[in-house]
Amino acid sequence: MPLRYAMQGIALLGDYTADATINLGVFVLGGTQEARNAKLATVSWIGCGAVTTLIKGIVDRDRPDHLQSSRWDSSFPSGHTSAYFALAMVYGTKYPRLIIPLAVVGAGVAYSRVYLGEHYPTDVLAGAALGIGIGWLTLKLEPQLRKIPFLR
């Protein structure tokens, strides 16, 4: 039972509320560059959330525990995993010393979703790939995104 509680705690690191809180903390508590990076990470996170939700609605895969509320809450891909990796890709690129810790925590988030019976392994693999891909795309589009006044 203690392992289940640990997995629930780790899974929270991919929760949208936790992601938003961490990102807001970086924005508020960091300097000017950290605030700029937090804004870029937010774009990645929101974009990834939108794409993840769209894919969930299209695929409509039952969760292993069969406890989804609608097709938009279906199993594939894992929203916790994609959201975490969208942020981690941006922060890991901006702060290279964080790459390994971010990857380890991301693997924990992904594993916890399978362990808790919320997702199949392919759901979390797709979520990780989606988050990394959207994070990468956000970084590639950074020069264009910085032209938007809010993102300067």
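No lab work stands behind these numbers, since they all come straight from the coordinates. None of the values given here were measured: they were computed from a predicted structure. Note that we place each Cβ from the backbone using ideal geometry, even for glycine, and neighbour counts take in every protein chain shown.
Couple of notes before you dig in:
- Positive-end residue, the chain charge dipole about Cα centroid, Cβ charges, pick of Gln144, Gly57, Ile10: Gln144
- When only the Cβ of Lys, Arg, Asp and Glu is charged (+1, +1, -1, -1), the dipole of the range 25-118 relative to its Cα centre reaches about 320 debye.
- Largest first and in whole Å, the equivalent-ellipsoid semi-axes of the range 74-142 read 22, 14, 6, each the square root of five times a Cα gyration tensor eigenvalue.
- Helix runs (DSSP H) in the chain reaching 15 Å along axis by Cα, Kyte-Doolittle at least 1.0: 16-29, 99-115, 121-140
- Spatially near lysine pairs across the chain, Cα under 25 Å, sequence gap of 8 or more or different chains: 5
- Other residues within the sphere of radius under 12 Å centred on the Cβ of Thr122, judged by their own Cβ, net out at +1 (K and R +1, D and E -1).
- Per-pair calculated FRET efficiency, R0 = 25 Å: Leu54 and Leu98 via Cβ, rounded to 0.05: 0.30
- When all alpha carbon pairs of the range 25-84 are counted in 10 Å bins from zero, the resulting P(r) reads 24, 37, 21, 16, 2 %.
- Converting phi to 3J(HN,Hα) with the Karplus coefficients 6.51, -1.76 and 1.60 and the offset θ = phi - 60°, the range 60-65 yields 6, 7, 4, 6, x, 8 Hz in sequence order, with x at every glycine or proline.
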